[in-house]
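See below for the structure under consideration.
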Amino acid sequence: MSKHENVKIICKNKKAFFNFEIEETFEAGIVLLGSEVKSLREGRANLSDSYAKFRRGEVFLVDAHISAYAAANRDNHDPLRERKLLLHRQQIKKLTGKVTERGFSLIPLKLYFKDGKVKVELALARGKKTYDKREAIKKKDLRRELERLTKYRQRSA
């Protein structure tokens, strides 16, 4: 992303980096209803258990929760509805091949506004094994401990 783009992050999928090994990322547009966009402007979204799936040559975002907009009354949207993702045909072909052949998953990493339009950052990811997750926790704990010790040394010096 260049400096001139106006980007505002709505929400991130923090579990994705713990549960998956990220291979490659893509930016996709998303087809939304008006009440969904207004709800996203309030930051009311959750990507934690969501994923993307292919159907009839198109890509859909499944289980992404966008809360109902309070002021929309009876014309409100279903918070868990499937939403179509906008990708180029070549990107869809490439992703379809990798997901079906090599055991990759397509998961959303973040949802954000870019120049007034809602975008999704999708990742081509492979699930981590439990021992990989334990190793990641150990590394994080060690890094945190080192930071704490260096901060303590700086205070005493």
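If I filter the range 102-110 for residues that are assigned to a helix (DSSP H, G or I) and more than 21 Å from K12 (Cβ to Cβ), do I get at least one hit?
yes
Please indicate, with yes or no, whether at least one residue in the range 94-108 is at pLDDT below 90, of a type in the set (S, T, Y) and within 13 Å of the chain's Cα centre (by Cα).
yes
Tell me whether the range 81-91 contains one or more residues that are of a type outside the set (F, W, Y), without any contact (Cβ under 8 Å) to a residue 60 or more places away in the chain and touching a helix residue (DSSP H, G or I) at 6+ places or on another chain (Cβ under 7 Å).
no
If you go through the range 102-133, how many residues are polar (S, T, N, Q) and loosely packed, with under 12 Cβ neighbours inside 10 Å?
Number of matching residues: 1.
Which pairs do you get when a residue that is on the phi > 0 side of the Ramachandran plot, found in the range 51-72, comes within reach of a residue that is crowded, with 17+ Cβ neighbours inside 10 Å and part of a strand (DSSP E or B), reach meaning Cβ atoms under 7 angstrom, with the pair 6+ apart or on two chains?
Filtered contacts from the range 51-72: D63/Y51.
The values are calculated or read from the model by the stated rules, or taken from the named source; none is laboratory data. All values derive from a computational prediction rather than experimental measurement. Positions of Cβ are backbone-derived with ideal geometry, glycine not excepted, and every protein chain shown enters the neighbour counts.
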